[in-house]
Amino acid sequence: MHLQNCAVKVFLISAVLTLAGCAYRLPTIAPPSQQLVRIVAIAPEQYTVQVNTGTVKQYDVPHDGRVKVGIPSYRPSCGVYLFNAIKVRGSGDPLKGWIVSVTRNGKTVREQSLRVTQKSPTDEAGYHMMRIGQ
């Protein structure tokens with residue numbers, strides 16, 4: 001009888017672990033997009049904006065300070081979830097590693113991640129403002 005109870009317990013525990021184990025989630029691909037950035041400075045046309053997404057692209061800043069920055073498509077890494085509910089690891093955000101740099105005369109005057117740029121305040125036209133101190 002004791003052996004039978006032990007076998008039932010082992011079966012139930014293995015069934016629960018099998019049915020409610022770890023799950024991997026692969027996020028969808030984010031399509032290419034544009035990020036609207038506005039350089040707020042006394043003379044914004046003296047600055048350039050560089051975006052490093054693995055490939056560095058440089059944008060000249062016009063007199064109004066408004067720049068449309070290209071963002072390539074990307075896919076965050078897989079997330080691992082215990083019981084398909086509790087996040088254990090993964091789902092890295094590439095936007096935290098991609099860098100927006102503002103330079104003047106070859107010197108970097110401001111640098112931040114693309115994710116920080118997306119969270120910055122916007123102007124009336126929807127451009128994310130990056131203030132440059134003089």
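None of the figures in this text is laboratory data; all of them are computed from the coordinates on show. Here the structure is a predicted model, which is why all the values come from computation and not from measurement. Because the Cβ atoms are built from the backbone with ideal geometry, glycine has one as well, and the counts that use them run over all protein chains shown.
Given R₀ = 25 Å, what would the calculated FRET efficiency be for Ala23 paired with Asp93, taking r from the Cβ atoms and rounding to 0.05?
That gives a FRET efficiency of 0.80.
If I model a spin label at Ile86 and Asn52 as a point 7 Å from the Cα along the Cα→Cβ vector, what separation in nanometres do I get?
3.8 nm
Rg and Dmax of region 25-134, Cα atoms, in Å?
Just the Cα atoms of region 25-134 yield Rg and Dmax of 16.3, 55 Å.
Measuring from label point to label point, each 7 Å out along Cα→Cβ, what is the Lys107 to Gln34 span in nm?
3.2 nm
Relative contact order (percent) for region 32-134, with alpha-carbon contacts under 8 angstrom and 6 or more residues of separation?
Computed over region 32-134, the figure is 31 percent.
For region 37-53, in order, what is each residue's ³J(HN,Hα) by Karplus, 6.51 cos²θ - 1.76 cosθ + 1.60 with θ = phi - 60°, in whole Hz (x at glycine and Pro)?
Working through the residues one at a time gives 10, 10, 8, 9, 7, 4, 10, x, 5, 7, 10, 10, 10, 10, 10, 10, 10 Hz.
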